[in-house]
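Working notes, beginning with the structure itself.
The values are calculated or read from the model by the stated rules, or taken from the named source; none is laboratory data. Bear in mind that the values here come from a model prediction, so they are computed numbers and not experimental data. Note that each Cβ is placed from the backbone with ideal geometry, even for glycine, and that neighbours are counted across all protein chains shown. Only protein heavy atoms, including side chains, enter the accessible area calculation; ligands, DNA and RNA are left aside. Shrake-Rupley method; radii C 1.70, N 1.55, O 1.52, S 1.80 Å.
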Amino acid sequence: MLHLLGVNLPDQKVVSVALTYFYGIGPLTARKICSQLSIHQQCKLSELTEGQLNQVSGVLSSMTIENDLKRQVAANVQHLRRIGTYIGKRHAMGMPVHGQNTRNNSKTAKKLNGRMLRRYSTTTNTAFNLQALGVLRSPLSKGL
């Protein structure tokens, strides 16, 4: 196992397949990286020299991958929720975002988009929670 930039990569995998173990790198991007560094398509990770491994790590370190990309995606979703767009509201409700039907098949979207909704509170119908959801208005907002 090769440990590269915080990710364990198996030695016996083809380089383009092993690069897809990084969050944010798909098959197309992995093939582009291999062609940019002139690594042939069937080369295994164990066959790479130390110089080629340094080149691969240099290219990967210049990209936004792993935790940086996850943080960026979460910040984008939070921005959409904060400005109140339709997509942000769908994320906030835990519903599908890209126009899928919700009558039968939205279990996966409810699981994935609802991760941000989970609050570890023992009480459910407090005035604070109802005000946060927009059910109750505060006395100061009557003039609005």
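Quick rundown of the values:
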item	result
Tabulated pairs, the range 23-40, first within 21 Å of GLN72 (Cβ to Cβ), second open to solvent by 30 Å² or more (accessible area, probe 1.4 Å) and of a type outside the set (S, T, N, Q), C-beta under 6 angstrom, 6+ apart or interchain	TYR23/GLU66; GLY24/LEU69
Matching entry among THR102, THR108 (being of a type in the set (Val, Ile, Thr) and within 30 Å of ALA30 (Cα to Cα))	THR108
Pairs with Cβ under 6 Å, 6+ apart, first in the range 97-109 and without any contact (Cβ under 8 Å) to a residue 12 or more places away in the chain, second part of a loop (DSSP other than H, G, I, E, B) and not hydroxyl-bearing (Ser, Thr, Tyr)	SER106/PRO96
Filter result (at negative phi, assigned to a loop (DSSP other than H, G, I, E, B) and not hydroxyl-bearing (Ser, Thr, Tyr)) within the range 97-111	VAL97, HIS98, GLN100, ASN101, ARG103, ASN104, ASN105
Hits in the range 14-28 (condition: under 23 Å from LYS70 (Cβ atoms) and part of a helix (DSSP H, G or I))	SER16, VAL17, ALA18, LEU19, THR20, TYR21, PRO27, LEU28
SER46 being touching a strand residue (DSSP E or B) at 6+ places or on another chain (Cβ under 9 Å), loosely packed, with under 14 Cβ neighbours inside 10 Å and at negative phi	yes
Test: residue in the range 4-13 that is in a loop (DSSP other than H, G, I, E, B), open to solvent by 80 Å² or more (accessible area, probe 1.4 Å), over 30 Å from VAL97 (Cβ atoms) and in contact with a Pro (Cβ under 7 Å, 6 or more places away or on another chain)	no
Test: residue in the range 29-36 that is modelled with pLDDT of 95 or more, open to solvent by 20 Å² or more (accessible area, probe 1.4 Å) and in a loop (DSSP other than H, G, I, E, B)	no
Enumeration of residues in the range 14-28 that are open to solvent by 50 Å² or more (accessible area, probe 1.4 Å) and among the aromatic types (Phe, Trp, Tyr)	TYR21, TYR23
Checking VAL77 against (1) surrounded by 13 or more Cβ atoms within 10 Å (Cβ to Cβ); (2) at pLDDT 95 or above, the condition it does not meet	(2)
